[in-house]
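Notes follow once the structure below has been shown.
Every read-out reported here was derived from the displayed coordinates using simple, explicitly stated rules and does not represent laboratory data. Keep in mind that what you see is a predicted model, and the values were worked out from it rather than measured. Cβ atoms come from the backbone with ideal geometry, glycine included; neighbour counts cover every protein chain shown.
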Amino acid sequence: ANGRPTANDSGGCDVKAHFVFIPLMFQGHLIPAVDTALLLATHGALASVVVTPSNTGRIRPTVDLARKSGLAVRLVELPLDLAAEGLPDGADDVDKVPPSLWTNYFRALARLREPLERHLREHAPYPTCVVADFCHPWARELAASLEVPRLSFFSMCAFCLLCQHNVERFNAYDGVADDHELVVVPGLEKRIEVSRAQAPGFFRGTPGFEKFADDAEQVLAEADGIVTNSFVEMEPEYVADYAEARAMKVWTVGPVSLFHQRTATLASRGNTAAIGADDCLRWLDGKEPNSVVYVSFGSLAHAQPKQVVELGLGLEASGHPFIWVVKNAEQYGEDVVEFLHELEARVAGRGLLIKGWAPQVLILSHAATGSFVTHCGWNSTMEAVTAGLPVVTWPHFADQFLNAKLAVEVLEIGVDVGVTEPLMYQLEEKEIVVARDVVEKAVRDIMHGGDEGEERRRRARGLAAKARTAVEKGGSSHANLLDLINCFKFKVDAGCRPFGTA
Ligand code: UDP
């Protein structure tokens, strides 16, 4: 009567399980969700990925290639009801949502529940599991109504998840008036200090998101488990402790970018790049092994014009070859555009500026690349680990400060540039935080750094080897993918529970 097949069967389809991924449509959430969906498909599952129209083009090339190679992946494109929430046309692309309308954007997302449920009921096979980004609390009602289990999806390290969880559950900031005062993260063996400004908790401290933050936490606490882009061998104690703290199964399935290691999808991962893959590879081929510094701050961060200039001058002064991804260069005004032109001319042959989307994983996995100056978005950090590269950590906001601490203090593969305060998407005017000489020194340290630098590089390479092993047959992430399918596969026996191994 409710459109549900009688025995949760596969509707005549020969896939083992049907996972419905509902990513948050920010690149840092969408890309790893798509990769995870593709990985499940390589193990015999059907994966449907829900996407809104402005984002379809970003992932379609990857999905189309995967389908051509025989993987069972579907895109479920559903429009957002923008008008109902007072959002302008095209605002299902987050780049077009002004911060003042973010609460509206999240409300519009929640309106996907009904049309998505209808779609899933009308298109066999029936889902066996919903995998929803933790930023979609409305997925709880969806999964409940469909009577299927629900997993919370993260692209975050367990270290960050555990630190945030412990800070909240042990009220670590209680009585701390100053947002910048450091407190020790409770419940960890290692001493890690963090301030409320650096790690406020998901959606905490964001005006208009007070109730949303509570809902998201509650919905996470009620999930049937967590899937995240990390791997056990990198942070075994944090994965185990987080699972224990949540009393929940945590499936680490990363590094998910390794899905692309033997596929043609590498260069088109996440978007159409502003440079051709061949041009990029040709440039890198002309450089010595481990000589190039790659500099990028991800898909969201937007630097102030002055910071762009200081960073450019610092890279120039470092004397190293570099690839620098400059997002929205044209928005910086004439002076900065002029500065970038002149810089490009001065460093021609040594410095490559990519104005727009870079084929990041392609660059990181090239032998000429020797280090990564990163904002420590989790995907970028994981991609650096996967490529065996030491990092200069330059966190901007959200989970990035904790990721930087993991890189520098736990994994010991990073040099910190010294930013202590978040720059929330660089919306407010702020003084330059990192001057040219600091950039220059950080780059020199990460590229040389004497014995310590060698040790960092050695540790980074060791982690990369472990990352590869994790996704291969017999590895922890490989086993977790198989386990997910096993736990959430079609049950042909009408009497059995819709999910779980019990
Ligand atoms: N990315 C890319 N090219 C770019 C910028 C970003 O391929 O020019 C990819 C990057 O490889 C990563 C993701 O986009 O997979 C960014 O996620 P991350 O968590 O690092 O940062 P965010 O963008 O969420 O701040």
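Can you give the FRET efficiency to the nearest 0.05 for LEU65 and ASP178, using r as the Cβ-Cβ distance and R₀ = 41 Å?
Working: r = 51 Å, r/R0 = 1.24.
Taking R0 as 41 Å, the efficiency between LEU65 and ASP178 is 0.20.
In nm, what is the difference between 0.36 nm times the number of residues separating GLU330 and GLU210 and their Cα-Cα distance? Let's see the in-between values first.
Values: separation 120, 0.36 × 120 = 43.20 nm, distance 3.52 nm.
So the extension gain works out to 39.7 nm.
Rounded to the nearest 500, what is the chain's calculated 222 nm mean residue ellipticity when only DSSP H runs of at least 4 contribute -39500 (n - 2.57) each, over all residues? The partial results should precede the final answer.
On the way: 17 runs with 197 residues, N = 502.
Mean residue ellipticity at 222 nm (helix-derived): -12000 deg cm²/dmol.
Alpha carbon centre of region 27-76 versus region 370-384: separation in Å?
23 Å
With a cut-off of at most 10 other beta carbons within 10 Å, and DSSP calling the residue loop, which trypsin sites (Lys or Arg not before Pro) in region 159-232 qualify? Please list them.
ARG191
What is the sum of charges, Lys and Arg at +1 and Asp and Glu at -1, for the other residues whose Cβ falls under 12 Å from the Cβ of GLU440? Could the numbers behind the result be given before it?
Numbers: positive: ARG436, LYS441, ARG444; negative: GLU310, GLU316, ASP437, ASP445.
In short, -1.
Please enumerate, by chain and number, the lysines with C-alpha under 28 Å from the C-alpha of LYS287, excluding those fewer than 8 residues away in the same chain.
Straight-distance partners of LYS287: LYS327, LYS355, LYS441, LYS466.
Quote the charge dipole size of the chain about the Cα centre in Debye, to the nearest 20; the model charges only the Cβ of Lys and Arg (+1) and of Asp and Glu (-1). Working shown, then result.
On the way: 48 positive and 66 negative charges, 359 e Å.
For the chain, the charge dipole is close to 1720 debye.
Between LEU258, PHE209, ALA367, whose Cα lies farthest towards the positive end of the dipole of the chain when Lys and Arg beta carbons carry +1 and Asp and Glu beta carbons carry -1, centred on the Cα centre?
About the Cα centre, the residue reaching furthest to the positive side is LEU258.
Hey, quick one: spin label on ASP93, modelled 7 Å out along Cα-Cβ, who in region 345-368 has an amide N within reach, i.e. under 14 Å?
Backbone N within reach: 356-357.
Determine the dipole magnitude for region 210-300: charges of +1 sit on the beta-carbon of Lys and Arg, -1 on that of Asp and Glu, nothing else is charged, the reference point is the Cα centre, and the result goes in debye to the nearest 20.
Values: 7 positive and 15 negative charges, 111 e Å.
That gives region 210-300 a dipole magnitude of about 540 debye.
Roughly how far apart, in whole Å, are the Cα centres of region 237-301 and region 81-140?
So the two Cα centres are separated by 26 Å.
In percent, what relative contact order does the chain have, based on Cα pairs under 8 Å that are 6 or more apart in sequence? Can you show the working numbers first?
Values: 927 pairs, mean separation 86.4, N = 502.
Taking the mean separation of contacting Cα pairs over the length of the chain, I get 17 percent.
Calculate, for LYS190 and THR420, the FRET efficiency according to 1/(1 + (r/R0)^6) with r their C-beta to C-beta distance and R0 25 Å; round to the nearest 0.05. Before the final figure, lay out the partial values.
Numbers: r = 20 Å, r/R0 = 0.78.
About 0.80, to the nearest 0.05.
Please compute the length gained on full extension between TRP102 and ALA345, using 0.36 nm multiplied by the number of residues separating them and subtracting their Cα-Cα distance. Don't jump to the answer; show the numbers that get you there.
Details: separation 243, 0.36 × 243 = 87.48 nm, distance 3.96 nm.
Answer, rounded to one decimal: 83.5 nm.
Multiply the residue separation of ARG461 and ARG169 by 0.36 nm, subtract the distance between their alpha-carbon atoms, and state the gained length in nm to one decimal. Kindly include the intermediate steps, with their values, before the conclusion.
Details: separation 292, 0.36 × 292 = 105.12 nm, distance 3.54 nm.
In short, 101.6 nm is gained.
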